[in-house]
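Undergrad: Before anything else, here's the structure in question.
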Amino acid sequence: MNRLLYAAKRAAGWLGQLLHPRACVLCRKPLPAGTSAMLCGTCAPQLYHTYRNTAPVRVPGTDGADAPLLYTGALATAMKRYKFYRSTALCRWFSAQAAACLAGHLDAWQPDCLAYVPLGAARWWSRGFNQSEAFARQIGKSLNLPVCHALGKRPKLGKQSRRSEKERWKAAQNMFFALPGQAVQGKRVVLVDDIITTGASASDAVRALKEAGASSVYVLAPLRTPYYPKEVAR
């Protein structure tokens, strides 16, 4: 029954995209036909005044990290629509924000390739796609960077979103492993995630990439939570 309900909701979301192919990311009001913008004139200023991340992002073990936007309010709702209802236009929009952020770091980070945080098999099966992989592939197209399927995830670890910060760090230990045949040896890798909260999952993914020989690993996500701690006590 749950799968049928999920399929019905997803179909409704796709139908909504067909009937209203372009709407404002924040307020969801229809945009004028033919426009390439994804924010209406009222909401566009809010992106910079309300949702723009201006604080440094720190993920333990990385050589650098950043996220351009805050996971709050209408942007948090938009991310949920993308993840759970496959609103593909939102994928392109979030990816564009992250690509612009990464473009500002190209001289310093000098990435050779992108990788992404993997989903467990059960989560991928229920959702039908990996949101972080979709972001990575869009960003790679924008900046002409190859995307590596470099990591796997160990099964039956549960949802990080339901855990406290301490529980997240404990559960994330050895969560990820490097896949054979995906050479990151000596490469400077940008790891793409969807949301940075405590940084626990991303930090463990960075560990796996460095153990596989990556010379430097940076973390990029479209969103970070507003209450992300500046430093994580380990």
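Undergrad: Say whether the condition of being in contact with a Phe, Trp or Tyr (Cβ under 8 Å, 6 or more places away or on another chain), surrounded by fewer than 21 Cβ atoms within 10 Å (Cβ to Cβ) and among the polar types (S, T, N, Q) is met by at least one residue in region 73-80.
TA: The answer is no; no qualifying residue exists.
Undergrad: Failed condition for K29, given (1) modelled with pLDDT under 80; (2) open to solvent by 30 Å² or more (accessible area, probe 1.4 Å), with all others met?
TA: Among (1) modelled with pLDDT under 80; (2) open to solvent by 30 Å² or more (accessible area, probe 1.4 Å), K29 violates only (1).
Undergrad: Give all pairs with beta carbons closer than 8 Å in which a residue from region 29-49 that is closer than 16 Å to S87 by Cβ meets a residue that is part of a loop (DSSP other than H, G, I, E, B) and open to solvent by 70 Å² or more (accessible area, probe 1.4 Å); count only pairs at least 6 apart in sequence or on separate chains.
TA: P30/H20; P30/R22; L31/R22; M38/R22
Undergrad: Give the number of residues within region 52-79 that are part of a loop (DSSP other than H, G, I, E, B) and more than 19 Å from G104 (Cα to Cα).
TA: Final tally of qualifying residues: 4.
Undergrad: If you take the residues of region 213-225 that are surrounded by fewer than 21 Cβ atoms within 10 Å (Cβ to Cβ) and out of contact with any Lys or Arg (no Cβ under 7 Å at 6 or more places or on another chain), which of them is nearest to A178 (Cα to Cα)? Can you show your working first?
TA: Initial filter on region 213-225 (surrounded by fewer than 21 Cβ atoms within 10 Å (Cβ to Cβ)): 213, 215-216, 225.
Going one step further and asking which of them are out of contact with any Lys or Arg (no Cβ under 7 Å at 6 or more places or on another chain), we end up with 213, 225.
Numbers: G213: 10, T225: 27 Å.
If we take residues in region 213-225 being surrounded by fewer than 21 Cβ atoms within 10 Å (Cβ to Cβ) and out of contact with any Lys or Arg (no Cβ under 7 Å at 6 or more places or on another chain), then G213 is nearest to A178 (Cα to Cα).
Undergrad: Now a separate question. Tally up the residues in region 32-48 that are open to solvent by less than 40 Å² (accessible area, probe 1.4 Å) and assigned to a helix (DSSP H, G or I), please.
TA: Total meeting the criteria: 2.
Undergrad: While we're looking at this one, here's another question. D63 passes all but one of (1) open to solvent by 70 Å² or more (accessible area, probe 1.4 Å); (2) out of contact with any Ser or Thr (no Cβ under 6 Å at 6 or more places or on another chain); (3) in contact (Cβ under 8 Å) with a residue 24 or more places away in the chain; which number fails?
TA: Exception for D63: condition (2).
Every residue, every condition in (1) among the polar types (S, T, N, Q); (2) modelled with pLDDT of 95 or more; (3) farther than 28 Å from R123 by Cβ, yes or no:
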site: L15; (1), (2), (3): no, no, no
site: S36; (1), (2), (3): yes, no, yes
site: P45; (1), (2), (3): no, no, yes
site: Y48; (1), (2), (3): no, no, yes
site: T62; (1), (2), (3): yes, yes, no
site: D66; (1), (2), (3): no, yes, no
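Undergrad: May I pose another question? Please go through region 95-128 and pick out each residue that is open to solvent by less than 60 Å² (accessible area, probe 1.4 Å) and part of a loop (DSSP other than H, G, I, E, B).
TA: If the condition is that a residue be open to solvent by less than 60 Å² (accessible area, probe 1.4 Å) and part of a loop (DSSP other than H, G, I, E, B), then H105, P111, V117, P118, L119, G120, G128 are the ones that fit.
The values are calculated or read from the model by the stated rules, or taken from the named source; none is laboratory data. Values in this document were obtained by computation on a predicted structure and should not be read as measured data. Because the Cβ atoms are built from the backbone with ideal geometry, glycine has one as well, and the counts that use them run over all protein chains shown. Only protein heavy atoms, including side chains, enter the accessible area calculation; ligands, DNA and RNA are left aside. Shrake-Rupley method; radii C 1.70, N 1.55, O 1.52, S 1.80 Å.
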